[in-house]
Structures are given as C-alpha cells and as structure tokens.
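What follows is a set of notes on a single structure, which appears directly below.
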Amino acid sequence: MSGLYGISDLHVGFPDNRSFVEGLRPASEGDWLIVAGDVAERFSDIEWTLRTLAGRFATVIWVPGNHELWTTKDDPVRLRGEARYQQLVDMARGLGVLTPEDPYPVWDGDGGPVTIAPLFVLYDYTFRPDGASNKEEALKIAHDAGVVCTDEIYLHPDPYPTRDAWCDARIAYTERRLTELPAGSRTVLINHWPLIREPTRVLWYPEFAQWCGSERTADWHVRFGAVSVVYGHLHIPRTIWSDGVPHVEVSVGYPREWRRRGETPRGPRRILPAPEES
C-alpha cells in the first residue's frame, strides 16, 4: 500500500545525516515524500538531497526552511532573499520536485482524495515572549536573554525591507491560493514553520518562538479543510492536535539531538493513510 510520508530538518551538512539520507528508501514504489525544509545551507547539498530522493520516491514535495534561505560565506551561490528562493524553486522543478510555486497535487491513494499544499510562509515575530507588545520589545527581551536566531545574520529578505515584510507578502500570496481551492477541499498543509503557536510552548528558550511562525496562520487548518498539517523547524518530532487536526512535526534534527532518541534518526513519518496511533 502506497503512502504519503513526511520528513524535515535533514541538515545533510552533517556527515551522519548525509549517510542517513543515502540510506532512505520508500516502503512502496508509489510512496510520496514531503520534505518540509532545512535540507541544508549549501545550494549543492540541497540539490544532491532532492535529486537523491526524487530518484527513489514516486513524488517529492519540498518547501524551504530558513537554512535553505541562508546566504553563507562558504556557499558559491551568492543570491539573497527572493532571488535565492526562486533559484531553489527552479532547481527543484528541474529535478521533478514540486514546490510552493507549483499547482497543488492531489493525493488519490488511501485516505484521499486530498490536496497537498506545500506552503512557504515565514515568520513575523508575533510569537512574542511574555512582556512584549511589539517586535522591538520581543527582540530586546531575546537579546537580553542571549537568544538570537542566526537568521538575523544570514537570512536576507531582499527585495523586502525586513523578514516580516517578506512574511506579509507570502501570507497574502498563500492565503489567496488556498482560498481559490474548490469548496469542501480536504488538504494537507505543509510549512517548515508551525502554523500554530502551541508547538513552541515547550522550547527551552521561549524567546526563540518569535522566529517560528505567525499568529495570522492560527486558523488555517480549520479554514482550509486540513486533515493534517506537516511542519518542522523545532527539532521536536511529535504530533499535536488542534481542532481535531493533527499537526505533525517530522524533523530529524542534528546528530546530537537524534542520538538522544536512539542509535539512528527516525525515518519519514506516515501522513496518509493516517496512522492509527496518531
């Protein structure tokens, strides 16, 4: 029986994680794989990973995480912001990998038909720490606590003036596309960052939550008929239920993290047909 599976935060710049990807195989020749961001920082590593997975799974669907969008000194691809994202989209399309810019595919296997909607929605600093009423106050609280996301250095929003301005544009674009789906559509919503704030409540450093999503997507799983929401980013693989909808984090994470959970990383998680244990 073919299934729809999800995985994220592969971070193949780490040799052990790259070896893990080299060993990934579908359970069935008809399996689809969601790759929910943070494949790597270097363009060549992202391309290698998507090429490898596209050669094994019937369909691969990718959304960017913050790490793909970084422009680092050791990456020969020097594009920034929207231009870098578009280059990633073009590369993925060349490999036959679906992106947030493509028509949404429909899963017709067990549990379907379901529209699979890969999203690229950033964050806008609205997951604020206690005591903050705006972005500036939230950032100050984080800086005073010694918590600063590396995005502030490497994730450039060009041509937008700020990352939250880019997020504004992505939310408007994505909301418009989702609203155009036929009435009654059932969906799987995929985004690197969680669409609701609840998954961030267990972060060791709660100040980091402001780099993890937007309050404006909190009802999307209800508005747009989600049977599941797939995300990553937090490196806390688990399922949280909201309004009867499972929000499934499918991250692998860094070697030091997955080793605490076992000898090898957990493989892709099945999204459809919905596993009984979820």
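Structure notes:
- Selection within segment 184-206 - surrounded by 21 or more Cβ atoms within 10 Å (Cβ to Cβ) and assigned to a helix (DSSP H, G or I): 199
- Single unsatisfied condition, residue 27 versus (1) in a loop (DSSP other than H, G, I, E, B); (2) within 28 Å of residue 167 (Cα to Cα); (3) aliphatic (A, V, I, L, M): (2)
- A single member of 160, 154, 173 is among the aromatic types (Phe, Trp, Tyr), surrounded by fewer than 20 Cβ atoms within 10 Å (Cβ to Cβ), touching a strand residue (DSSP E or B) at 6+ places or on another chain (Cβ under 6 Å) and modelled with pLDDT of 95 or more, and it is 154.
- Considering only residues in segment 248-278 that are modelled with pLDDT of 90 or more and β-branched (Val, Ile, Thr), the one that is surrounded by the most Cβ atoms within 10 Å (Cβ to Cβ) turns out to be 271.
- Pick from segment 123-136, criterion exposed (fewer than 14 other Cβ atoms within 10 Å of the Cβ) and of a type in the set (Asp, Glu), ranking: modelled with the lowest pLDDT: 130
- Here residue 209 fulfils each of the conditions (1) under 19 Å from residue 270 (Cβ atoms); (2) outside any loop (DSSP other than H, G, I, E, B) apart from (1).
- Within segment 25-42, considering residues that are closer than 22 Å to residue 191 by Cβ and either in contact with a helix residue (DSSP H, G or I) (Cβ under 9 Å, 6 or more places away or on another chain) or basic (Lys, Arg) (or both), the one surrounded by the fewest Cβ atoms within 10 Å (Cβ to Cβ): 41
- Residue that is nearest to the chain's Cα centre (by Cα), among those in segment 1-47 that are more than 25 Å from residue 154 (Cα to Cα) and small (Gly, Ala, Ser): 6
- Strands (runs of 3 or more DSSP E) lying entirely in segment 214-274 (those with 1 or more residues that are under 22 Å from residue 175 (Cα atoms) and in contact (Cβ under 8 Å) with a residue 60 or more places away in the chain): 226-231, 245-249
- When segment 47-64 is limited to residues that are in contact with a strand residue (DSSP E or B) (Cβ under 9 Å, 6 or more places away or on another chain) and assigned to a helix (DSSP H, G or I), the one that is surrounded by the fewest Cβ atoms within 10 Å (Cβ to Cβ) turns out to be 54.
The values are calculated or read from the model by the stated rules, or taken from the named source; none is laboratory data. No experiment lies behind these values; they were computed from the predicted model shown. Neighbour counts run over all protein chains shown; Cβ positions are idealised from the backbone, glycine included.
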